[in-house]
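Peer 1: Got a structure for you, questions after.
The values are calculated or read from the model by the stated rules, or taken from the named source; none is laboratory data. Worth saying up front: this structure is predicted, and the values here are computed from it rather than measured. Cβ coordinates were reconstructed from backbone atoms using ideal geometry, including for glycine residues, and neighbour counts include every protein chain displayed. Calculation scope for accessible area: heavy atoms of the full protein, side chains included, ligands and nucleic acids excluded. Shrake-Rupley method; radii C 1.70, N 1.55, O 1.52, S 1.80 Å.
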Amino acid sequence: MIAGTGIESARETLRLTEYAAELGYDAAMVRTPHYYKKQMHPPNLLAFYRTVADRSALPIVIYNFPQATGYDIPAELVIELAGHSNIIAIKESSGTWTK
């Protein structure tokens with residue numbers, strides 16, 4: 001089972017992910033924080049996802065859903081995050097098939 005645990009802060013995302021682990025979930029799907037859209041530059045997103053992946057008790061699935069978040073994760077950023085041992089997948093919901 002995959003729990004949707006991504007919210008605006010890494011701290012709260014980790015709190016929800018820990019709770020999901022206690023409940024027996026197998027992974028956590030983490031969407032892009034989006035409240036401060038203008039601050040969602042690649043270095044900030046890298047820091048967010050790395051912080052969550054580094055400290056998460058569960059493997060992480062990146063959730064790219066720009067229709068809901070207003071931010072489309074660049075492919076280059078996903079490629080960089082793919083090297084993290086605790087990031088296991090991406091749910092790509094942008095609707096861009098070539099991506």
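Peer 1: Could you count how many residues in segment 83-99 are surrounded by 12 or more Cβ atoms within 10 Å (Cβ to Cβ), over 10 Å from the mean Cα position of the chain (by Cα) and either among the basic types (Lys, Arg) or part of a loop (DSSP other than H, G, I, E, B) (or both)? Lay out the reasoning, then the answer.
Peer 2: Let us first name the residues in segment 83-99 that are surrounded by 12 or more Cβ atoms within 10 Å (Cβ to Cβ), namely 84, 86-94, 99.
Filter once more, keeping what is over 10 Å from the mean Cα position of the chain (by Cα): 84, 86, 88, 92-94, 99.
Adding the requirement that they be either among the basic types (Lys, Arg) or part of a loop (DSSP other than H, G, I, E, B) (or both) leaves 84, 86, 93-94, 99.
Number satisfying all stated conditions: 5.
Peer 1: Another question, if that's okay. Hey, among the residues in segment 1-13 that are under 24 Å from Lys37 (Cα atoms) and among the β-branched types (Val, Ile, Thr), which one's most open to solvent (accessible area, probe 1.4 Å)?
Peer 2: Once the filter is applied, the top-ranked residue is Ile7.
Peer 1: Can you list residue pairs whose Cβ atoms sit under 6 Å apart, with the first residue in segment 18-33 being more than 28 Å from Gln67 (Cβ to Cβ) and the second being open to solvent by less than 100 Å² (accessible area, probe 1.4 Å) and in a loop (DSSP other than H, G, I, E, B)? Count only pairs 6 or more apart in sequence or on different chains.
Peer 2: Glu18/Ala57; Ala21/Ala57; Ala21/Leu58
Peer 1: Specify which of the listed residues (Val78, Val61, Val30) is in a helix (DSSP H, G or I), under 21 Å from Leu14 (Cα atoms), in contact with a strand residue (DSSP E or B) (Cβ under 7 Å, 6 or more places away or on another chain) and β-branched (Val, Ile, Thr).
Peer 2: Val78
Peer 1: Let me confirm something: among Leu46, Leu16, Leu23, which residue is hydrophobic (A, V, I, L, M, F, W, C) and surrounded by fewer than 13 Cβ atoms within 10 Å (Cβ to Cβ)?
Peer 2: Result: Leu23 is the single residue among Leu46, Leu16, Leu23 that is hydrophobic (A, V, I, L, M, F, W, C) and surrounded by fewer than 13 Cβ atoms within 10 Å (Cβ to Cβ).
Peer 1: Further question: Take the conditions at pLDDT 95 or above, of a type in the set (D, E, K, R) and open to solvent by less than 70 Å² (accessible area, probe 1.4 Å) and apply them to Glu80. Does it pass?
Peer 2: No.
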